[in-house]
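Colleague: Dumping the structure here so I can ask a few things about it.
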Amino acid sequence: MIDEIFGKLEHDGYAYIGKTIINAFGSECEASLQINAEEGDDIIAEQYEAYKYFVEKWDSIQMDILNKILAYYNCEEKGSYGPDDKETFNEWWPDIKTIDELKDYLHIDTIIIPEDFIMENMGGRGAYVLFNRDWGGEDYDDNGVAVSIVNECVDEVGYKDIAY
């Protein structure tokens with residue numbers, strides 16, 4: 001289907017899936033766009049509203065996203081698993097001390113707009129931004145990093161599975 005806001009979308013049985021172009025940390029890139037809705041269900045007003053405000057505030061929340069991911073990396077994720085060999089371990093977990101360094105390791109993957117009942121549980125307009133990252137060795141589960149955004153503010157940082 002062609003949606004006037006989201007563009008070309010296909011349903012995969014769980015969500016409407018499309019693409020969007022977004023400026024992520026100074027570079028324009030393509031990201032997957034996922035609007036969660038059961039097959040046969042329409043995209044609802046709350047999802048349009050959440051996406052509208054997300055897009056409007058995206059430029060202003062990027063620095064907060066980067067700061068929170070940097071803190072998450074250094075305080076929670078870095079060194080939490082990996083090889084015993086010190087050299088390989090250091091390759092898996094580089095020293096990332098600044099936002100500019102972090103940008104080199106982080107790549108936007110997907111923007112998810114959840115169902116209305118999820119947004120209600122979140123406490124407002126919700127969105128998830130999923131990132132691939134270049135640390136932590138080979139990620140066979142593709143569990144990268146995700147940011148939960150509620151009312152255009154960063155609410156939580158964790159693995160991608162926080163969005164599911």
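Values quoted throughout were computed directly from the atomic coordinates according to the rules given, and no laboratory measurement underlies them. These figures come from a predicted structure and were not determined experimentally. Every residue, glycine among them, receives a Cβ derived from its backbone with ideal geometry; neighbour counts consider all protein chains shown.
Colleague: Only one of Gly144, Gly158, Gly126, Gly137 is surrounded by fewer than 15 Cβ atoms within 10 Å (Cβ to Cβ) and either in contact (Cβ under 8 Å) with a residue 12 or more places away in the chain or closer than 19 Å to Ile35 by Cα (or both); which?
Modeller: Gly137
Colleague: Continuing with the same structure: Can you name the number of the only condition in (1) within 17 Å of Thr20 (Cβ to Cβ); (2) assigned to a strand (DSSP E or B) that Val154 fails?
Modeller: Looking at each condition in turn, Val154 falls short on (1).
Colleague: Among the residues of the stretch 14-28, which ones are polar (S, T, N, Q) and in contact (Cβ under 8 Å) with a residue 24 or more places away in the chain?
Modeller: Hits for the stretch 14-28 are Thr20, Asn23.
Colleague: Working only within the stretch 67-86, note down all residues that are over 16 Å from the mean Cα position of the chain (by Cα), surrounded by 12 or more Cβ atoms within 10 Å (Cβ to Cβ) and not basic (Lys, Arg).
Modeller: Listed by number, the residues that qualify are Asn74, Glu77, Gly79, Gly82, Pro83.
Colleague: Additional query: Considering only residues that are in contact (Cβ under 8 Å) with a residue 12 or more places away in the chain and over 15 Å from Thr110 (Cα atoms), look in the stretch 2-13 and name the one that is surrounded by the fewest Cβ atoms within 10 Å (Cβ to Cβ).
Modeller: Gly13
To keep it simple, each residue is scored yes or no on (1) in a loop (DSSP other than H, G, I, E, B); (2) more than 26 Å from Ala37 (Cβ to Cβ); (3) charged (D, E, K, R); (4) in contact with a Gly (Cβ under 6 Å, 6 or more places away or on another chain).
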position	(1), (2), (3), (4)
Tyr48	no, no, no, no
Phe54	no, no, no, no
Lys68	no, yes, yes, no
Glu87	no, yes, yes, no
Glu91	no, yes, yes, no
Lys97	yes, yes, yes, no
Glu101	no, yes, yes, no
Ile108	no, no, no, no
Asn132	no, no, no, yes
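Colleague: Next up: Could you figure out which of (1) charged (D, E, K, R); (2) touching a strand residue (DSSP E or B) at 6+ places or on another chain (Cβ under 6 Å); (3) farther than 21 Å from Ile2 by Cα isn't true of Asp59?
Modeller: (2)
Colleague: Could you check the stretch 110-123 and list, in sequence order, the residues that are surrounded by fewer than 19 Cβ atoms within 10 Å (Cβ to Cβ) and assigned to a loop (DSSP other than H, G, I, E, B)?
Modeller: Glu115, Gly123
Colleague: What are the residues in the stretch 1-46 that are closer than 26 Å to Met63 by Cα and assigned to a loop (DSSP other than H, G, I, E, B), if any?
Modeller: Ile5, Phe6, Phe25, Gly26
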